[in-house]
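Right, one structure below, let's go through it.
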Amino acid sequence: MLLEVQDLSVNYGVIQAVKGVSFNVNAGEIVTLIGANGAGKSTILHTISGLIRPKSGKIMYDGTEIQKEKSQKIVASGISQVPEGRHIFPGLTVLENLQMGAYLRKDREQTKKDYQTVFERFPVLAERKNQDAATLSGGEQQMLAMGRALMAAPKLILLDEPSMGLAPIFINEIFDIIQAIQKNGTTVLLIEQNAAKALAIADRGYVLSVGKIVLSGTGKALLANKDVQKAYLGG
Ligand code: ATP
């Protein structure tokens, strides 16, 4: 097991955003968390990344408790988050944005190779490598945000709504890329509003509703589940 979240609760002041959530991610899997707006999905990712402290519960990563660690240490240990809304650095070039992703790495030779791998996976980033990242389209910025996270050479990548606001053609490409990332050996925890697409590529999924997990199963089983279809797949 690469990641194990145990009885996690997170509050914002008096708001209980996450209420005793437990789930796990095995090495090599794509696991998705689905659920309506405000269900607590982003809060869980931010807590795993160390950006928010939980009220209670444990997060075990690769056998170590990380819920009290600083986010810098969590990134260095192999967890990389691609935030909702991408948050690329405008004013920096595409290449400089990727360099920010590799900032904590010390393995120079492998880092060099990884730029090549990212440019092969995202040819558009190679074409625009010296361009201000702010000039990229939404889909291209999403690719840059994913490329930047991959430049940290993560064991586990956390994707927060990667398809949000993208044109359909980019959406399909993003889901293909997520599968390619898995094939390359990186474990994926994926949060998506687009439950149909997320479940279609996920090995397993968990359904969150107002801060609690209400259902879990393989991607296939959840796709076929009548309640999931009614609530999250448009009937
Ligand atoms: P979305 O898809 O809209 O991001 P989500 O499932 O990721 O939804 P969260 O963003 O984790 O949900 O929000 C969970 C709950 O916590 C919601 O009730 C939300 O209003 C609340 N919340 C989120 N961020 C904050 C914050 N910074 N301060 C106060 N409440 C917050």
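When only residues in region 67-126 that are of a type in the set (Ser, Thr, Tyr) and surrounded by 18 or more Cβ atoms within 10 Å (Cβ to Cβ) count, which is nearest to residue 150 (Cα to Cα)?
The residue in question is 80.
I'd like the residue in region 1-29 that is acidic (Asp, Glu) and buried (at least 16 other Cβ atoms within 10 Å of the Cβ) and, out of all such residues, is farthest from the chain's Cα centre (by Cα).
Initial filter on region 1-29 (acidic (Asp, Glu)): 4, 7, 29.
After this cut, where a residue has to be buried (at least 16 other Cβ atoms within 10 Å of the Cβ) as well, the list is 4, 29.
On the way: 4: 16, 29: 13 Å.
Selected residue: 4.
Answer yes if at least one residue in region 30-38 is buried (at least 23 other Cβ atoms within 10 Å of the Cβ), of a type in the set (A, V, I, L, M, F, W, C), under 24 Å from residue 221 (Cβ atoms) and within 12 Å of the ligand (Cβ to nearest atom), and no otherwise.
Checked region 30-38: at least one residue is buried (at least 23 other Cβ atoms within 10 Å of the Cβ), of a type in the set (A, V, I, L, M, F, W, C), under 24 Å from residue 221 (Cβ atoms) and within 12 Å of the ligand (Cβ to nearest atom).
How many residues are touching a residue at least 60 places away in the same chain (Cβ under 8 Å) and more than 26 Å from residue 73 (Cα to Cα) when one looks only at region 153-180?
The number of residues fulfilling the criteria is 2.
Of everything in region 39-48, what is hydroxyl-bearing (Ser, Thr, Tyr) and more than 9 Å from the ligand (Cβ to nearest atom)? Give them in sequence order.
Matches in region 39-48: 47 only.
If I go through region 211-235 residue by residue, how many of them are free of Cβ contacts under 8 Å to residues at least 60 places away in the same chain, buried (at least 16 other Cβ atoms within 10 Å of the Cβ) and assigned to a strand (DSSP E or B)?
Summing the residues that are free of Cβ contacts under 8 Å to residues at least 60 places away in the same chain, buried (at least 16 other Cβ atoms within 10 Å of the Cβ) and assigned to a strand (DSSP E or B) in region 211-235 gives 2.
Looking only at region 10-29, which residues are within 12 Å of the ligand (Cβ to nearest atom) and among the hydroxyl-bearing types (Ser, Thr, Tyr)?
If the condition is that a residue be within 12 Å of the ligand (Cβ to nearest atom) and among the hydroxyl-bearing types (Ser, Thr, Tyr), then 12 is the only one that fits.
So which residues in region 18-47 are assigned to a loop (DSSP other than H, G, I, E, B) and either at pLDDT below 95 or farther than 16 Å from residue 62 by Cα (or both), if there are any at all?
If the condition is that a residue be assigned to a loop (DSSP other than H, G, I, E, B) and either at pLDDT below 95 or farther than 16 Å from residue 62 by Cα (or both), then 35, 36, 37, 38, 39, 40 are the ones that fit.
Could you tell me how many of the residues in region 1-29 are among the polar types (S, T, N, Q) and without any contact (Cβ under 8 Å) to a residue 40 or more places away in the chain? Show your work before the answer.
Step one: of region 1-29, the residues among the polar types (S, T, N, Q) are 6, 9, 11, 16, 22, 24, 26.
Add one more test, that the residue is without any contact (Cβ under 8 Å) to a residue 40 or more places away in the chain, and what stays is 24.
Summing the residues that are among the polar types (S, T, N, Q) and without any contact (Cβ under 8 Å) to a residue 40 or more places away in the chain in region 1-29 gives 1.
State all residues of region 118-147 that are in a helix (DSSP H, G or I), out of contact with any Phe, Trp or Tyr (no Cβ under 9 Å at 6 or more places or on another chain) and in contact (Cβ under 8 Å) with a residue 40 or more places away in the chain; if no residue qualifies, say none.
Across region 118-147, the qualifying residues are 121, 141, 145.
Every residue in region 181-195 that is assigned to a helix (DSSP H, G or I), in contact (Cβ under 8 Å) with a residue 12 or more places away in the chain and more than 16 Å from the ligand (Cβ to nearest atom), please. Step through it out loud before you land on a result.
To start, the set of residues in region 181-195 that are assigned to a helix (DSSP H, G or I) comprises 181-183, 195.
Subsequent filtering for residues that are in contact (Cβ under 8 Å) with a residue 12 or more places away in the chain retains 181-182, 195.
Passing the criteria: 181, 182.
Kindly provide the set of residues from region 148-179 that are more than 16 Å from the ligand (Cβ to nearest atom), open to solvent by less than 40 Å² (accessible area, probe 1.4 Å), over 20 Å from residue 223 (Cα atoms) and outside any loop (DSSP other than H, G, I, E, B), ordered by number.
Hits for region 148-179 are 148, 149, 150, 156, 157, 177.
Out of (1) under 17 Å from the mean Cα position of the chain (by Cα); (2) of a type outside the set (A, V, I, L, M); (3) more than 13 Å from the ligand (Cβ to nearest atom), the odd one out for residue 89 is which?
(1)
The values are calculated or read from the model by the stated rules, or taken from the named source; none is laboratory data. Just so it is clear, the structure is predicted and the values come from calculations on it, not from any experiment. Cβ coordinates were reconstructed from backbone atoms using ideal geometry, including for glycine residues, and neighbour counts include every protein chain displayed. In case anyone asks, the SASA skips ligands and DNA or RNA and just uses the protein heavy atoms, side chains included. Shrake-Rupley method; radii C 1.70, N 1.55, O 1.52, S 1.80 Å.
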